[in-house]
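Everything below concerns the one structure shown next.
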Amino acid sequence: MTMRQDRFRELEVYLAVVAEGGLSAGARRLGALPSSVSRTIQRLETRLGVALIVRGPRLFRLTAEGEALFERSRRLLAQLDALERDIADRGQPRGDL
């Protein structure tokens with residue numbers, strides 16, 4: 001995977017974890033191992049140099065930076081999905097047949 005692909009994958013994992021409210025639930029949603037998801041989140045936090053999630057036994061809370069990343073990442077990936085759909089739709093026949 002390229003660096004850019006890794007970054008998008010990290011964001012996808014992060015969004016799943018936040019949307020599901022925990023590492024294990026996020027891992028289930030992605031069909032991944034919790035340890036792999038945990039390493040991905042740690043790698044993202046290390047690369048950004050900030051804590052995104054406060055986690056512990058029965059504790060899962062986003063930091064201010066984690067909230068900001070969640071909101072902006074969600075919009076970014078939604079825009080990417082829309083772009084891909086728009087481009088793919090251009091190859092489809094249109095009009096009356």
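The values are calculated or read from the model by the stated rules, or taken from the named source; none is laboratory data. Treat the numbers as computed from the prediction; the structure is a model and nothing was measured. Using ideal geometry, Cβ is built from the backbone for each residue, glycine included, and neighbour counts are taken over all protein chains shown. What goes into the accessible areas is simple: the full protein's heavy atoms, side chains included, and nothing from ligands, DNA or RNA. Shrake-Rupley method; radii C 1.70, N 1.55, O 1.52, S 1.80 Å.
Quickly run through region 62-97 and pick out the residues that are of a type outside the set (Asp, Glu), open to solvent by 80 Å² or more (accessible area, probe 1.4 Å) and within 16 Å of the chain's Cα centre (by Cα).
Once the filter is applied, which keeps residues that are of a type outside the set (Asp, Glu), open to solvent by 80 Å² or more (accessible area, probe 1.4 Å) and within 16 Å of the chain's Cα centre (by Cα), region 62-97 yields Arg72, Arg74, Arg75, Gln79.
Where residues in region 36-58 are open to solvent by less than 60 Å² (accessible area, probe 1.4 Å) and of a type in the set (Ser, Thr, Tyr), which of them is nearest to Arg74 (Cα to Cα)?
Step by step, filter region 36-58, then rank; the result is Thr40.
Under 7 Å between Cβ atoms, at least 6 apart or on separate chains: pull out the pairs that start in region 31-58 with a residue that is in a loop (DSSP other than H, G, I, E, B) and end on any residue that is among the acidic types (Asp, Glu).
Val50/Glu65; Ala51/Glu45; Leu52/Glu45; Leu52/Glu65
Name the residue, out of Glu71, Glu12, that is free of Cβ contacts under 8 Å to residues at least 40 places away in the same chain and either assigned to a loop (DSSP other than H, G, I, E, B) or not hydroxyl-bearing (Ser, Thr, Tyr) (or both).
Going through Glu71, Glu12 in turn, just one is free of Cβ contacts under 8 Å to residues at least 40 places away in the same chain and either assigned to a loop (DSSP other than H, G, I, E, B) or not hydroxyl-bearing (Ser, Thr, Tyr) (or both): Glu71.
Determine, yes or no, whether Arg4 is assigned to a helix (DSSP H, G or I), modelled with pLDDT of 95 or more and more than 11 Å from the chain's Cα centre (by Cα).
Taking the combined requirement at face value, the residue does not satisfy it.
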